[in-house]
Amino acid sequence: MKTFHLPDLGEGLPDAEIVEWLVKEGDEVTLDQPMISMETAKAIVEVPSPFTGRIVRFHGQAGDVIKTGAPLAEFEVAGEDNASAKPKEKPSQPGTPSGETSKKRDDSGTVVGNVEAGNEVLQEHLSSVGEFKMTPAVRALAKKLKVDPAHCTPSGKGGVITAADVKKAAADGPKATPATAKTSRPSAVQPSPTQATGEWEPLRGTRRTMARAMSESHQQVVPTTLMDDADIQAWASDEDITARLIRALWAGAQVEPGLNAWFDGDNGVRMVHKSMHVGVAVDTPEGLLVAALRDVNQKDRSALRQDINRLRDNATNRSIPADELKDYTIVLSNFGKFAGRYATPVITPPCVTIVAAGKLRHEVVPVLGGVEVHRMMPLSLTFDHRACTGGEAARFLQAMLKDLALPH
Amino acid sequence: MTDRSNTFKVDYFQFLGVDGNLVQGVKVPALAKDLDRLKTLYKLMVKTRLFDKKAVALQRTGKLGTYASSLGHEAAHVAIGAAMKKEDCFAPMYREYGAQFYRGVEMSDVLLYWGGDERGNDFKNAGHDFSWCVPIATQCLHAAGAALAFKLRKEARVAVSVVGDGGSSKGDFLEAINAASAYQLPLVLIIMNNQWAISVPRSSQNQAATLAQKGIAGGLTSIQVDGNDLIACLWAMEEAIEAARAGKGSVVIEMMTYRLSDHTTADDATRYRPDDEVKAAWDREPMIRLRRYLTQSGAWDDAQEEAWVAEASAEVQAAVDHYIDQVENNPQPVTAMFDYMFKELPHDLVEQRAYAERYPEDGGHH
């Protein structure tokens with residue numbers, strides 16, 4: 001049996017999606033016969049069969065995303081010499097991925113990148129297309145200093161890890177065990193450790209987008225979170241919480257417009273918005289969506305409520321138009337209908353602010369001449385400290401609290 | 001072709017029609033009747049196309065890096081190689097395999113190069129030629145420099161360079177024209193106009209009626225030929241090379257062809273190029289018309305075609321086997337990138353070379 005691993009179909013592409021198999025499992029195929037159509041970030045390309053023989057098994061179907069280097073198909077090749085087809089396995093070294101991806105493969109699928117030392121070359125490949133952006137020289141430095149790139153805070157343009165970042169991580173001393181962390185990171189197709197009872201499944205669609213967006217945020221943003229409580233004792237019992245929160249956001253922006261802004265760290269520019277589009281975080285079974293409510297500052301309470309209802313309906317029906325999923329200027333998360341008081345919500349660049357409301361509660365508050373029990377709404381505001389000062393954020397939050405304290 | 005009057009006319013030459021018949025009403029050069037020679041060149045075109053298809057398949061299956069296909073350029077490329085003498089110097093861009101094969105570059109050299117192996121640049125049988133030049137148009141100045149050396153040494157040698165339609169927009173190309181004009185260099189500059197500079201169509205590159213007319217600015221003889229017509233390409237190349245060799249100055253030839261493939265294997269031309277344009281281009285491609293001509297002339301038949309395809313395919317496979325064997329069983333040391341670049345290594349690179357040498361031994365850990 002020979003395994004064909006998905007090669008890098010472009011230049012440094014991490015994965016490709018199966019568009020269509022041009023053959024069937026069990027088919028006899030000849031070398032270079034068109035076998036499968038794959039879509040990468042750049043192109044749709046036809047991959048020919050690398051062998052003459054019989055296709056025993058596919059490792060994915062149309063719509064599946066296959067990682068570069070992961071198995072794509074199994075072949076039975078006539079006259080196959082089992083001994084020579086066995087991978088020449090090298091023991092994993094610390095800091096290199098274990099298992100499938102670090103073996104020299106029998107199909108020579110990486111013959112180009114594998115000339116010197118399979119482990120090294122492959123690891124370089126993985127880290128260059130994966131979550132770490134760093135030049136080969138910096139990567140070499142990280143190895144020399146035994147620093148896991150995962151423990152470096154990228155300071156370079158576009159999230160690039162610089163030599164200084166590596167040195168800083170080295171100076172900060174070892175955290176966890178980088179080699180183990182890396183080695184135990186399984187690829188999507190690897191057999192699980194013996195104790196595991198689930199199966200690795202590839203992320204798709206909304207969940208995949210969420211993973212990327214969060215990772216991007218983590219690499220770029222310098223987040224700082226403020227927390228406080230809004231006293232909403234004066235509210236009527238049927239007050240529209242979301243609409244009030246949105247109004248409060250605008251109240252904050254009138255005091256500190258710099259939080260209703262976009263920030264581009266690569267180019268050192270920001271755009272302070274004159275109008276406010278609130279991105280509302282929506283929890284769906286497929287993952288997190290952020291849908292925009294447009295020009296909230298120009299809408300009265302009932303128009304706002306209509307927009308909110310429409311957004312809810314669309315989210316339920318999974319039919320939010322694509323252009324409503326972008327270009328918001330500030331984000332609101334109302335996670336508190338379930339549980340949780342405060343949070344450290346994550347900013348989605350280029351926005352610089354997210355406000356999250358936690359679960360409402362009653363709390364004893366001191367008032368003139370005694371104590372009372374008031375309804376309180378816990379708020380957590382994360383701002384990007386590259387774009388805003390702590391003072392600006394505090395005044396923004398103060399204005400929100402003041403607006404929320406009003407009866408109507 | 002040596003008229004330098006102030007007329008600014010760019011002549012266009014085509015001798016072999018898409019139907020495989022010689023064009024009526026023009027004086028067809030004598031080489032059109034040299035069927036043995038044309039047959040030899042046709043066979044090389046076939047082999048080049050078989051090689052090209054195989055190289056793309058190798059990239060798609062992870063056995064080759066990014067590769068630039070020559071699909072559709074076979075007549076132009078083979079004609080360039082066939083018109084040159086062994087002692088001449090070729091400075092290619094990066095997809096002129098047909099010309100290179102004629103001049104002695106091995107198919108396995110091409111594979112090694114695109115596989116990232118320095119040995120691919122070391123042409124055992126074409127040692128005077130330059131290696132591939134990816135930066136766009138810089139090779140024109142390399143060729144101009146070689147031509148100047150030939151002139152200073154009073155050698156009867158000619159330098160030939162190829163640039164794309166997109167590359168002709170670059171200063172390097174225009175500087176090469178100026179140098180050729182100023183020094184009366186034995187230089188032939190070919191603009192391989194395949195209509196697309198990656199995703200930029202010819203119509204968006206500039207408003208000039210021809211690209212060849214850029215040569216007129218330097219006073220160079222400048223013509224256009226049908227780049228899918230082997231006879232026209234070969235005739236123009238031979239005329240240009242002999243004029244250059246005789247000290248009559250440089251020539252610019254714009255070869256009108258079409259890139260039937262993606263720009264490289266890292267490209268997807270369907271994203272920017274209309275299907276019907278490509279379909280129409282296939283009707284004008286260079287192989288079938290020459291095959292028809294040879295067949296009608298009695299110099300070629302289906303049995304020969306079949307036998308040659310089998311033989312050439314075996315040659316291609318042998319080259320692939322050699323390439324795979326080299327990278328798997330006889331890999332280059334990492335220091336090759338230094339050793340192939342300099343005769344004597346500059347002192348700052350001596351340290352880097354030593355570092356690179358230690359690197360794999362230490363398993364990447366220092």
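Read the figures in this text as sums done on the coordinates, not as results from a lab. Please read these numbers as outputs of a predicted model, since none were measured by experiment. Positions of Cβ are generated from backbone atoms using ideal geometry, with glycine treated the same way; all protein chains shown enter the neighbour counts.
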When a/c is below 1.5 the answer is rounded, else prolate if a/b is larger than b/c, else oblate, so apply that to segment B:297-344 with a ≥ b ≥ c taken from the square roots of the Cα gyration tensor eigenvalues.
oblate
Based on Cα positions only, what radius of gyration and what Dmax would you give for segment A:2-87, in angstroms?
12.7, 38
Segment A:288-359: proportion of alpha-carbon pairs further apart than 16 angstrom, %:
57 percent
Compute from the Cα atoms of segment B:1-129 the Rg and the Dmax, the latter being the longest Cα-Cα distance, and quote both in angstrom.
17.4, 54
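Starting from the coordinates of the alpha-carbon atoms of segment B:249-359, obtain the Kirkwood hydrodynamic radius over all distinct pairs and give the value in Å to one decimal.
Answer for segment B:249-359: a Kirkwood hydrodynamic radius of 19.9 Å.
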With a Förster distance of 41 angstrom and the Cβ-Cβ distance between A:W200 and A:E11, calculated FRET efficiency to the nearest 0.05 equals 0.90
The Cα radius of gyration of chain B, divided by 2.2 N^0.38 Å with N its residue count, comes to 1.02
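Just to be sure I understand the rule: take each whole DSSP H helix in chain B, project its Cα atoms onto its long axis, keep it if the span is 20 Å or more and its mean Kyte-Doolittle hydropathy is at least -1.0. Which ones pass?
B:35-60, B:138-152, B:230-245, B:302-329
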Low-density loop trypsin sites (Lys or Arg not before Pro), segment A:10-83, at most 10 other Cβ within 10 Å, DSSP non-H/G/I/E/B, are A:K24
Modelled label reach - B:A299, point 7 Å along Cα→Cβ, segment B:42-82 residues with backbone N closer than 11 Å
B:42-43
Which one of B:Y97, B:P135, B:L35 has its Cα pushed farthest toward the positive end of the charge dipole of segment B:6-159, where Lys and Arg give +1 and Asp and Glu give -1 at the Cβ?
B:L35
Dipole of the protein assembly as shown, Cα-centred, from +1 at each Lys and Arg C-beta and -1 at each Asp and Glu C-beta, to the nearest 20 debye?
1500 debye
Test item: A:41-50 mean partner chain Cβ contacts at 10 Å
5
Qualifying lysines (Cα of each under 22 Å from Cα of B:K47; at least 8 residues distant if same chain)
B:K39, B:K63, B:K85, B:K86, B:K124
Calculate the dipole size of segment A:207-404 relative to its Cα centre from +1 charges on Lys and Arg beta carbons and -1 charges on Asp and Glu beta carbons; express the result in debye to the nearest 20.
280 debye
Scoring segment B:172-238 by relative contact order with C-alpha pairs under 8 Å, at least six apart, yields a percentage of 27 percent
Distance in nm between pseudo-label sites at A:T30 and B:M341 (7 Å out along the Cβ direction from Cα):
4.4 nm
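Let's see if you can work this out: charge +1 on each Lys and Arg Cβ, -1 on each Asp and Glu Cβ, no other charges. What is the dipole magnitude of chain B about its Cα centre, in debye to the nearest 20?
Using only the charged Cβ atoms, the result is roughly 1140 debye.
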Env charge @ A:V65, Cβ radius under 10 Å, K,R +1 / D,E -1, value -1
Looking only at GluC sites (Glu not before Pro) in DSSP loops with at most 16 other Cβ atoms within 10 Å, what is the longest site-free stretch of chain B?
B:156-343
Segment A:207-404: percent of C-alpha pairs farther apart than 19 Å?
60 percent
I need to check one value: relative contact order of chain B, counting alpha carbon pairs closer than 8 Å and at least 6 residues apart, in percent.
23 percent
What is the local net charge at A:P257, summed over the other residues whose Cβ is closer than 14 Å to its Cβ (Lys, Arg +1; Asp, Glu -1)?
+1
In segment B:14-98, what trypsin sites (Lys or Arg not before Pro) fall in a loop by DSSP, with at most 13 other Cβ atoms inside 10 Å?
B:K27, B:K85, B:K86
Cα centroid distance between segment A:365-385 and segment B:249-313, in Å?
77 Å
Fewest-first ordering of B:S181, B:S70 by Cβ atoms within 10 Å yields B:S181, B:S70
Within 10 Å of each Cβ of B:48-61, how many other protein chain Cβ atoms are there on average?
4
Kirkwood hydrodynamic radius of the protein assembly as shown from all distinct Cα pairs, in Å?
30.9 Å
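Starting from the Kirkwood radius over alpha-carbon pairs of segment A:212-324, derive D by Stokes-Einstein at 4 °C in a medium of 1.567 mPa s and give it in µm² s⁻¹.
D = 80 µm²/s.
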